[in-house]
């Protein structure tokens, strides 16, 4: 196959590229399941021990965008798989959606998650005509809360003691972002010019 010219490609910025999850991505999913603290923050629970068959089924189920949960693999521009992100809970009637994300432990702290969320927000707001991003983080998930604030989200509330894990009840902190708020945030941070949004 010829080399691909990504210079005008929507699904990337100057640091990362999003691509469809492929069946061969099962190994990353499997490996990430051994990061119990990260998985607890993502799934709000301790998962049962991972299996290769579950990891393969996961990658197969979400490959080629064959589900209503749009799953992407995040790669840096060197082609290294650095994590995954998905657009989910899409409600076309009310214009709402959510995003799930996990960055592999060795790649955290490089801004990959924030960049991936910006790409999906741009797609949801400016291509899908969705209007409101809703998300929540488990109490104590400082990194995810900071990332949501970084893309412009506002804390909308707290659902008190709704998650039981690690021997106690935790709060779920609710965040939201409207399309108009996102456009205003982009103007303020000059991301608008850097990502080619008019």
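The values are calculated or read from the model by the stated rules, or taken from the named source; none is laboratory data. The model shown is predicted, which means the values in this text are computed figures rather than measured ones. Cβ placement follows ideal geometry from the backbone for every residue including glycine, while neighbour counts extend to all protein chains displayed.
Here's the yes/no breakdown for (1) touching a helix residue (DSSP H, G or I) at 6+ places or on another chain (Cβ under 6 Å); (2) under 30 Å from residue 31 (Cβ atoms); (3) touching a residue at least 60 places away in the same chain (Cβ under 8 Å):
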{"site": "114", "(1), (2), (3)": "yes, yes, no"}
{"site": "126", "(1), (2), (3)": "no, no, yes"}
{"site": "141", "(1), (2), (3)": "yes, yes, yes"}
{"site": "144", "(1), (2), (3)": "no, yes, yes"}
{"site": "154", "(1), (2), (3)": "no, no, no"}
{"site": "168", "(1), (2), (3)": "no, yes, no"}
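Please go through region 27-53 and pick out each residue that is part of a loop (DSSP other than H, G, I, E, B) and surrounded by 14 or more Cβ atoms within 10 Å (Cβ to Cβ). First the steps, then the outcome.
So the first thing to find is which residues in region 27-53 are part of a loop (DSSP other than H, G, I, E, B), and the list is 33-35, 44-51.
Once the filter is applied, which keeps residues that are part of a loop (DSSP other than H, G, I, E, B) and surrounded by 14 or more Cβ atoms within 10 Å (Cβ to Cβ), region 27-53 yields 33, 35, 44, 50.
Here are some conditions: (1) under 20 Å from residue 21 (Cα atoms); (2) touching a residue at least 40 places away in the same chain (Cβ under 8 Å). Residue 103 meets all but one. Which one does it not meet?
Residue 103 satisfies every listed condition except (2).
Please verify whether region 97-107 includes one or more residues that are in contact with a strand residue (DSSP E or B) (Cβ under 9 Å, 6 or more places away or on another chain) and part of a helix (DSSP H, G or I). Working first, answer last.
First, pick out the residues of region 97-107 that are in contact with a strand residue (DSSP E or B) (Cβ under 9 Å, 6 or more places away or on another chain): 97-104, 106-107.
Going one step further and asking which of them are part of a helix (DSSP H, G or I), we end up with 106-107.
Within region 97-107, one or more residues are in contact with a strand residue (DSSP E or B) (Cβ under 9 Å, 6 or more places away or on another chain) and part of a helix (DSSP H, G or I).
Can you tell which of 173, 103 is more than 19 Å from residue 71 (Cβ to Cβ), crowded, with 16+ Cβ neighbours inside 10 Å and in contact with a helix residue (DSSP H, G or I) (Cβ under 8 Å, 6 or more places away or on another chain)?
Checking each option against the conditions leaves just 173.
Taking only region 32-65 into account, find how many residues are touching a strand residue (DSSP E or B) at 6+ places or on another chain (Cβ under 7 Å) and free of Cβ contacts under 8 Å to residues at least 12 places away in the same chain.
Adding up the residues that qualify gives 0.
Go through region 118-196 and tell me which helices (runs of 4 or more DSSP H), entirely inside it, have 2 or more residues that are touching a strand residue (DSSP E or B) at 6+ places or on another chain (Cβ under 8 Å) and modelled with pLDDT of 95 or more.
142-150, 179-189
Return the residues of region 73-94 that are without any contact (Cβ under 8 Å) to a residue 60 or more places away in the chain, closer than 17 Å to residue 18 by Cα and under 15 Å from the mean Cα position of the chain (by Cα); say none if nothing qualifies.
73, 74, 75, 81, 83, 86, 87, 88, listed by residue number.
Please state which of the following conditions residue 70 fails to meet, knowing it meets all the rest: (1) under 15 Å from residue 104 (Cα atoms); (2) surrounded by 11 or more Cβ atoms within 10 Å (Cβ to Cβ).
Among (1) under 15 Å from residue 104 (Cα atoms); (2) surrounded by 11 or more Cβ atoms within 10 Å (Cβ to Cβ), the lone unmet condition for residue 70 is (1).
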